[in-house]
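The values are calculated or read from the model by the stated rules, or taken from the named source; none is laboratory data. The model shown is predicted, which means the values in this text are computed figures rather than measured ones. Note: ideal-geometry Cβ built from the backbone for every residue, glycine included; neighbour counts use all protein chains shown.
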Amino acid sequence: MSKKMPISVTVNGQTHDLLAEPRELLIYVLRERLDITGPHVGCETSHCGACTVLMDGKSVKACTVFAAQANGASITTVEGLGTPDSLHALQRSFREHHGLQCGYCTPGMITRAAKLLEENPTPTEAEVRFGMAGNLCRCTGYQNIVKSILAAADEMNAEQEVAE
């Protein structure tokens, strides 16, 4: 029998203190204990990327991170990128450019794309395809996903120019 350990994680700006099993995965803490259901459980082997979140600013697959490893971390999920009334540019772009079909991979795609665009605000199509290679979609041919990310990059860069 394993002993539960206290952990504290900040998810989308809200701090949560809880007890976690030493081998409990972050994805299950998010979905089952905190009711944050944007990140999805896909393959449970880190191949698909449906569970992608940002942890302390790094893109990680929550199915490969123990909750204990996230102790003290700041986590951002797709829910933390925007709100229903004020969508993030990527969320809008995926909707407008048909970057999704069934939507299962979309939260992980958008979260990974947010980090990609933070690292490279003006990517080429090839750079988007390479940067998104760890996130799989079983429904699309990726063209509209890439189109959505590039359109969001253009929008975010235009907003940045106006702000300056």
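Look through Arg138, Arg92, Arg112 and report the one residue that is within 27 Å of Arg33 (Cβ to Cβ) and not in a strand (DSSP E or B). So the residue among Arg138, Arg92, Arg112 that is within 27 Å of Arg33 (Cβ to Cβ) and not in a strand (DSSP E or B) is Arg112. Taking the criterion of being surrounded by fewer than 17 Cβ atoms within 10 Å (Cβ to Cβ), assigned by TED's automatic domain parsing to the domain that holds Asn144 and within 14 Å of the chain's Cα centre (by Cα), would at least one residue in segment 114-129 satisfy it? The answer is yes, given that some residue of segment 114-129 is surrounded by fewer than 17 Cβ atoms within 10 Å (Cβ to Cβ), assigned by TED's automatic domain parsing to the domain that holds Asn144 and within 14 Å of the chain's Cα centre (by Cα). One residue stands out among those in segment 115-135 that are among the hydrophobic types (A, V, I, L, M, F, W, C) and in a helix (DSSP H, G or I): the one that is nearest to Gly99 (Cα to Cα), which is Val128. Taking the listed residues Val60, Val41, the one that is buried (at least 21 other Cβ atoms within 10 Å of the Cβ) and either over 21 Å from Phe130 (Cα atoms) or within 14 Å of the chain's Cα centre (by Cα) (or both) is Val60, with no other qualifying. If you go through segment 10-28 and keep only what is over 16 Å from Ser74 (Cβ atoms) and either of a type in the set (D, E, K, R) or crowded, with 16+ Cβ neighbours inside 10 Å (or both), you end up with Ala20, Glu21, Arg23, Glu24, Leu25, Ile27, Tyr28. For Gly103, the requirement of being in a loop (DSSP other than H, G, I, E, B) and either surrounded by 20 or more Cβ atoms within 10 Å (Cβ to Cβ) or in contact (Cβ under 8 Å) with a residue 40 or more places away in the chain (or both) is not met.
Quick check: anything in segment 7-24 within 17 Å of the chain's Cα centre (by Cα), part of a loop (DSSP other than H, G, I, E, B) and polar (S, T, N, Q)? Checked segment 7-24: at least one residue is within 17 Å of the chain's Cα centre (by Cα), part of a loop (DSSP other than H, G, I, E, B) and polar (S, T, N, Q).
Looking at Thr64, Thr83, Thr15, Thr76, can you tell me which residue is in contact with a strand residue (DSSP E or B) (Cβ under 9 Å, 6 or more places away or on another chain), polar (S, T, N, Q) and free of Cβ contacts under 8 Å to residues at least 12 places away in the same chain? From the options Thr64, Thr83, Thr15, Thr76, the qualifying one is Thr15.
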